[in-house]
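K.L.:
One structure, pasted below without further comment.
The values are calculated or read from the model by the stated rules, or taken from the named source; none is laboratory data. All values derive from a computational prediction rather than experimental measurement. Note that each Cβ is placed from the backbone with ideal geometry, even for glycine, and that neighbours are counted across all protein chains shown. To get the accessible areas, we keep the full protein, side chains included, count just its heavy atoms, and leave off ligands, DNA and RNA. Shrake-Rupley method; radii C 1.70, N 1.55, O 1.52, S 1.80 Å.
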Amino acid sequence: MRQARIVISLVPLVLCAFAILLLEFGDNVVTSRYATYGDAVASNLFERGWLPDIIPASARTIVTSNNVDFNTSTGAFRFDPGDTAAFVSQLRPFDRWGIAPADYAARVKAMESAGYRAHEYRDGASFWVFFVNDEESRVFY
């Protein structure tokens, strides 16, 4: 009976230690969803630098997943087909292999085989890779 009490009294301590480990070493990713470009503007998404404000004003179903530990952002959005040319004109074909992670070639190849073209955009020290599907007017980054 005494051993059971000791084990029970240790449970909160173990749970607390586990929670501290998760906070210290867990991924610190914040995911946000915006129905429209206007919603993203109202939430200061672009001012926070998680996505450049070059995306089309028709963008919708915008999803951003931001890892604050590594200062990276991934996500997706859709936009009106008529905005494709204007959006892509602000981008360059992806050629930053020197700064891409080692496994990035596989991601680029997979996205290209799914009908997406890889483009890049740089704004100061920030760098984005946009995978654009012209037919679906959909972007992953």
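K.L.:
Within the stretch 90-108, can you find the residues that are open to solvent by 90 Å² or more (accessible area, probe 1.4 Å) and modelled with pLDDT of 90 or more?
P.N.:
Listed by number, the residues that qualify are Arg92, Pro93.
K.L.:
For the stretch 109-116, does any single residue satisfy the condition of being among the aliphatic types (A, V, I, L, M), buried (at least 16 other Cβ atoms within 10 Å of the Cβ) and not in a strand (DSSP E or B)?
P.N.:
Yes, that holds for at least one residue.
K.L.:
If you check every pair at least six apart or on different chains, which have Cβ atoms under 6 Å apart with a residue in the stretch 54-70 that is under 20 Å from Gly124 (Cα atoms) and touching a residue at least 12 places away in the same chain (Cβ under 8 Å) first and a residue that is in a strand (DSSP E or B) and open to solvent by less than 30 Å² (accessible area, probe 1.4 Å) second?
P.N.:
What qualifies is Asn66/Ser73.
K.L.:
Further question: Out of all the residues in the stretch 83-99, which are free of Cβ contacts under 8 Å to residues at least 24 places away in the same chain and either in a strand (DSSP E or B) or not aromatic (Phe, Trp, Tyr) (or both)?
P.N.:
Ala85, Ser89, Gly98
K.L.:
For Asp39, state whether it is over 22 Å from Asn133 (Cα atoms) and modelled with pLDDT under 90.
P.N.:
Judged against the criteria, Asp39 is not a match.
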